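Written out below as structure tokens is the structure these notes cover.
The values are calculated or read from the model by the stated rules, or taken from the named source; none is laboratory data. Quick caveat: nothing in here was measured; it's all calculated off a predicted structure. Heads up, the Cβs are rebuilt from the backbone with ideal geometry, glycines too, and the neighbour counts pull from every protein chain shown. The area values use the complete protein model at the heavy-atom level, side chains included, leaving out ligands, DNA and RNA. Shrake-Rupley method; radii C 1.70, N 1.55, O 1.52, S 1.80 Å.
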Amino acid sequence: MPRATLPEDYRRHVTAALAALNVRNLVLSIHDPSFPSAPDEDLGRGSPYSEGGMRFLAFARELGFNGIQLGPQGQTSEDNASPYDGTLFSRNMLNVALAPLTHEDSWGGLLRPERVQALVAARPGGSEPRAKHRYAFHAQGEALEEAWTTFQHKRAQAAPGSAVAWLAEHFDTFRREHHEWLERDALYEALCLEHGRPYWKEWSSEWDRRLWWPRAGEEAAFTKRRQVLLAKYAGRVEAHAFQQFLVHSQHAALRERTVAWGLKLYGDLQIGFSPKDAWAYQGLFLGAYLMGAPPSRTNPEGQPWNYPVLDPAQYHAPPGTEAGPYAPAPVPGPVLWFMGLRMNKMLSEYDGLRIDHPHGLVCPWVYRAGELDALRAVQRGARLFSSPDLPDHAELARWALVTPEQLDRSVPRHADGWVRELRPEQVRGYSALFNAIIAAAQAHGRKVSDLLCEVLSTMPYPLKRVMEQYGLGRFRVTQKADLTNPQDVYRSENAVPADWIMVGNHDTKPIWALADQWRRAGGARAQADYLAWRLHPEEEGREAFARRLLEEPGLLVQAKFADLFVSRAENVMVFFADLLGMKETYNAPGTVSEENWSLRVPNDYRRDYAEKLGKDAALNLPRVLALALRASGGEARARHRELLAALERLAGELQGG
């Protein structure tokens, strides 16, 4: 029988093997809704701050992971669970763990235990491990309203030194420190109710549509309007601030625990803006263009994301502005100040950051706003800073950082090689937003290597130059590798030390489902031959190893994982579904479905994982590391003989052999 608990020497040998393979970071990727829950706290959606979430993080640490990559943690809407459309400053109130709020000693008994139990009992059923987003959205909202009401009542009667008095003091401090974004986000929700429309562009009042961005001469009137609204909705604004205080406090508690465990916590710097942020910061955007993804290997048709584009005219202050301490560099303008606010908040809350679609910060692909056929518009879009003379996008010439002579007209304008060459000063122009990110990271004591750039199949030349100047690597998603092309960007042998390598991510099929597809469609042979070449350096015995890979379905997938560790990349990432042997898809890009963003870790994941290990149907890390070490050659095998023996023993124990 497979083991439900790990052997005592497991972590020691796994850590030694990672060091022997020059792997600095082994990171587990999981988004908030996917966390498991304890039975008495499960409203149908996970949270890293819940007891079940904390236990799963401890489990990841036991397995040998030294980092956790979370998704964006902003507030999502009832109708859109995508974390990449969440808010930039407000955290998701769905992440508040309710069970701790019932404790008198730490949270003042803000919720009655029976209230939480009733919400858990009313959760919709279902055999699949899927989040129940809509139910959780409403149930969580009801619970937090009750917690707010209880807090107001107890605050008025709180004795000095009590838990509620402590909460009140820290809540007041939190409100003062974050009042700007707290008020903006709360007023958006209030105005949606006032106008009866959930989207700001549908509001009847033009003043409310641009409440934070008055025109010249309107400042006093708009300030008065904001004051009127803040007074009118003072209770709603304070309640919103309290919810944010709860979720921020629980995040801080998580950080304390992960630091003690030696787990790095990575945030996700999403490229998109929620409708709430697009309203609040609309004065920072180009009005005529939106950001999307051009046709590519990842998305052959392209994707019209409908995200606003930051206005290059506001990156820096106007010429002639007193430079002061910024000399000789340009003075930051409103856009760079905004980026600084975002970065400072995120870097105070995480140990590192995944930079989502860095193309959007360096060379965004833009398309005209207001087109009836958005897909056609994005397919005919252009690069914001690389379009000096396009007849169909003549307006972009003013933002061009390249000359017509620096373009290669023989390739499509979205191709990596559209821009052929750049001078150093042009690279600095493309790097304006990236420079702000790097400066903020360094100011917070982070290393450049704490930043992960989600560069997939495409790397336009300007982005390549910007990343090279900081020594940043790209993502290598090996399940997508073209095994007929030795130069393919996803092949593990093409990785460099700064890269992040993985078999899949939140936008791909789980590797276990893909392996089934390979066997059905005839792709397993090519995978086996390639992996045998990568993992069996000696020609003698390689064909026999390839046959084993074909004959043992689990071994083929374990070898696919081992391929990560024999690369030169020092950073390995594993998506939770790939770790646990799950075959359901977490997100299918370009589709709208209730199932997207809903896959969860089963609550009984330890037993489930142990059973799958027994069938060689989940990631067996000791086995994978042993395969990788054996691929290092005879000298390395001799040097690590004892470690190899220990890993193979552990692998057998986990498999129940």
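Counting just the residues of the stretch 151-161 that are without any contact (Cβ under 8 Å) to a residue 60 or more places away in the chain and open to solvent by less than 80 Å² (accessible area, probe 1.4 Å), which one comes out farthest from R123 (Cα to Cα)?
Of the stretch 151-161, the ones without any contact (Cβ under 8 Å) to a residue 60 or more places away in the chain are 152-161.
Narrowing further to those that are open to solvent by less than 80 Å² (accessible area, probe 1.4 Å): 152, 154-155, 158-159.
Details: Q152: 28, K154: 29, R155: 31, A158: 34, A159: 37 Å.
By that ranking, first place goes to A159.
Give E183, E177, E169 a once-over and let me know the one that is out of contact with any Cys (no Cβ under 6 Å at 6 or more places or on another chain), free of Cβ contacts under 8 Å to residues at least 24 places away in the same chain and closer than 22 Å to T87 by Cβ.
Going through E183, E177, E169 in turn, the sole match is E177.
Please determine, by comparing only the residues of the stretch 84-103 that are β-branched (V, I, T) and either assigned to a loop (DSSP other than H, G, I, E, B) or open to solvent by less than 10 Å² (accessible area, probe 1.4 Å) (or both), which one is farthest from N587 (Cα to Cα).
Once the filter is applied, the top-ranked residue is V96.
Quick one: in the stretch 233-259, which of the residues that are open to solvent by 20 Å² or more (accessible area, probe 1.4 Å) and touching a strand residue (DSSP E or B) at 6+ places or on another chain (Cβ under 7 Å) is nearest to V96 (Cα to Cα)?
Per the stated criteria, the residue is H248.
This table checks each residue for (1) touching a residue at least 60 places away in the same chain (Cβ under 8 Å); (2) surrounded by fewer than 22 Cβ atoms within 10 Å (Cβ to Cβ).
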residue	(1), (2)
R342	yes, yes
V362	yes, no
A369	yes, yes
A377	yes, yes
S387	no, no
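Would you confirm whether or not the stretch 46-67 contains a residue that is at pLDDT 95 or above, aromatic (F, W, Y), over 21 Å from the mean Cα position of the chain (by Cα) and surrounded by fewer than 19 Cβ atoms within 10 Å (Cβ to Cβ)?
no
Hey, among V455, V466, V411, which residue is part of a loop (DSSP other than H, G, I, E, B) and within 23 Å of the chain's Cα centre (by Cα)?
V455
So, in the stretch 613-629, how many residues would count as being surrounded by fewer than 21 Cβ atoms within 10 Å (Cβ to Cβ) and part of a helix (DSSP H, G or I)?
Adding up the residues that qualify gives 1.
Out of the residues in the stretch 193-232 that are basic (K, R) and closer than 25 Å to T76 by Cβ, which is least open to solvent (accessible area, probe 1.4 Å)? Break it down stepwise before answering.
At the first step, the residues of the stretch 193-232 found to be basic (K, R) are 197, 201, 209-210, 215, 224-226, 232.
Filter once more, so that each one left must be closer than 25 Å to T76 by Cβ: 197, 201, 209-210.
Details: R197: 105, K201: 124, R209: 67, R210: 24 Å².
Within the stretch 193-232, the match that is least open to solvent (accessible area, probe 1.4 Å) is R210.
Hey, could you check the stretch 123-150 for residues that are of a type outside the set (D, E) and loosely packed, with under 12 Cβ neighbours inside 10 Å and say which is modelled with the lowest pLDDT?
If we take residues in the stretch 123-150 being of a type outside the set (D, E) and loosely packed, with under 12 Cβ neighbours inside 10 Å, then S127 is modelled with the lowest pLDDT.
Among the listed residues L94, L6, identify the single one that is at pLDDT below 95 and more than 22 Å from D499 (Cα to Cα).
On the way: L94 fails: at pLDDT below 95.
Just one listed residue meets the conditions, L6.
Out of the residues in the stretch 215-240 that are in a loop (DSSP other than H, G, I, E, B) and more than 23 Å from G370 (Cα to Cα), state the one that is farthest from the chain's Cα centre (by Cα).
Here the residue is G217.
Listed here are the residues, each with its yes/no results for (1) in contact (Cβ under 8 Å) with a residue 60 or more places away in the chain; (2) under 26 Å from L70 (Cβ atoms).
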position: A532; (1), (2): no, no
position: V572; (1), (2): yes, yes
position: V592; (1), (2): no, yes
position: N603; (1), (2): yes, yes
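Does S598 meet the test of being of a type outside the set (A, V, I, L, M, F, W, C) and open to solvent by 20 Å² or more (accessible area, probe 1.4 Å)?
When the stated conditions are applied, S598 does not pass them.
What's the number of the only condition in (1) under 30 Å from A60 (Cβ atoms); (2) of a type outside the set (F, W, Y); (3) without any contact (Cβ under 8 Å) to a residue 12 or more places away in the chain that L265 fails to meet?
So the condition that L265 fails would be (3).
Just the residues that are touching a helix residue (DSSP H, G or I) at 6+ places or on another chain (Cβ under 7 Å) and open to solvent by 40 Å² or more (accessible area, probe 1.4 Å), please, taken from the stretch 7-44.
R11, A16, D40
T5 versus (1) outside any loop (DSSP other than H, G, I, E, B); (2) of a type in the set (V, I, T); (3) over 20 Å from the mean Cα position of the chain (by Cα): which is the lone unmet condition?
Failing condition for T5: (1).
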